[in-house]
Every structure is written in C-alpha cells, then in structure tokens.
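K.L.:
Below you will find the structure I want to go over with you.
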Amino acid sequence: MTDKETIREWNILIGLFRSTVEQTNMLTGQTQREAKMIFKRWVSEGYRLVNLIESSSDDLDLEEVTELIENSVHKLRTKTLKDV
C-alpha cells in the first residue's frame, strides 16, 4: 500500500469512529449500564487514536470522509424510518 492509500484508509477509520461517536447521541439513555461503561472506555481510547492520526492527516480529506459517512447514516436512518 502506498503512503497515500494508507492515509486514505486511516481517514476512513477515523471518519467511522467520529460517526460512531455521533451516533451515540441518538442512543443516550437507551443502553444498559455495562454496555455504557465498555463504550465509554472504547470512546476514550478512540479519541486517543484520533488525536494521533489526525496530526498526520489532511483535515479536508478527513472532513470529507466523515461527512460522507454521516450523510450515508442519515439516509439509512430516513429510509429505515419510512419502512417502519
């Protein structure tokens, strides 16, 4: 894998993490105590990873990836709600 491909893959991973954290806002108050504790640890470690990777990533590329993921989740949510 080239350096550019590696950076792209890291940007996708970080974009997924950012979107996952954003998604937790939709579930506030809905999960069990143990799941919340595990997720909170995972988020904490994820932020450490984000800070490490973001320092060597292109901010515009990272924002674009994150936005694409969040838009896809929004479309999925909208479609799913119509089907319910």
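K.L.:
Assuming a ≥ b ≥ c are the square roots of the Cα gyration tensor eigenvalues, decide whether the chain counts as rounded (a/c under 1.5), prolate (otherwise, with a/b larger than b/c) or oblate.
P.N.:
Since a/c reaches 1.5 but b/c is at least a/b, the shape of the chain is classed as oblate.
K.L.:
For the ranges 32-38, 14-20, what's the packing order if you count other beta-carbon atoms within 10 Å of each residue, average per peptide, and put the highest first?
P.N.:
Those peptides, ordered most packed to least, come out 14-20, 32-38.
Bear in mind these aren't lab numbers, they're just calculated from the coordinates by the rules spelled out. If you're wondering where the values come from, they're calculated on a predicted model, not measured in any experiment. Virtual Cβ from ideal backbone geometry, glycine too; neighbours counted across all protein chains shown.
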